[in-house]
Amino acid sequence: MTTTTWPLRWPASARDVADGIVRLSAALRDSDADAVDDAVSELASQNGVRVEDVYAAILRMLLEAAHPDGLDGDDVGAVVREAAAKDTGSDPSDVVAVVLGTLGVHPEPERRTSGSSAGDESQDPDDRRDDGQVVVARMAAAPAIRASAAVTDVLLARIGSPIEAVVTMVVDDIAAAETIEWP
């Protein structure tokens, strides 16, 4: 496997995430189940939320590139089926959750409250009570990463782009967004 040289301006953690994503993509292309498991574990052991942020941006970019006129239910179903077939180690329901989450479709959050009135059934996370907490169940890092990688691989094949170019664009975009100072 070739080594990718990432921009020197990136912090070591960003280069590590990028390397892990490229390794996982190569393992999926090679249908190497052990290498996929190792790459997923490696990425999940890093700052999982950051890895998921990178994958979320990758998926948004690739879905838009692969479907510039938008997606319909058949398009979503085809992506899910192809991704689930690409990596049989991924749970198809995780693939569905990743694709729908990328499209902005999220399940209603659970609300855990203490002393709330029975008539108030708002599920809006912004509708917080002084005595309650909003609890949103998150998908575990490893299944989210694995499903995201499978969907990424399917979409990369559709648009004919190398993973390295997409990762570079996404990490640069994230870095730029994090350095903008708002007045």
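The values are calculated or read from the model by the stated rules, or taken from the named source; none is laboratory data. Given the structure is predicted, the values throughout are model-derived calculations rather than measurements. When we count neighbours, we look across all protein chains shown, and the Cβ atoms used for this are built from the backbone with ideal geometry, even at glycine. Surface areas here come from the heavy atoms of the whole protein model, side chains and all, with no ligands, DNA or RNA. Shrake-Rupley method; radii C 1.70, N 1.55, O 1.52, S 1.80 Å.
What to note about this one:
- Matching residues in region 145-183 - criterion: being open to solvent by 20 Å² or more (accessible area, probe 1.4 Å), among the small types (Gly, Ala, Ser) and closer than 12 Å to Val22 by Cβ: Ala165
- Entry remark, region 98-110: residues being modelled with pLDDT under 90 and either out of contact with any strand residue (DSSP E or B) (no Cβ under 9 Å at 6 or more places or on another chain) or crowded, with 18+ Cβ neighbours inside 10 Å (or both) number 9 in total.
Yes/no matrix, rows are residues, columns are (1) buried (at least 16 other Cβ atoms within 10 Å of the Cβ); (2) of a type in the set (Asp, Glu); (3) under 29 Å from Asp34 (Cβ atoms):
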{"residue": "Asp53", "(1), (2), (3)": "no, yes, yes"}
{"residue": "Gly73", "(1), (2), (3)": "no, no, no"}
{"residue": "Val79", "(1), (2), (3)": "yes, no, yes"}
{"residue": "Ala84", "(1), (2), (3)": "yes, no, yes"}
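- Condition met for Val76 (modelled with pLDDT of 95 or more, farther than 29 Å from Glu178 by Cβ and assigned to a helix (DSSP H, G or I)): no
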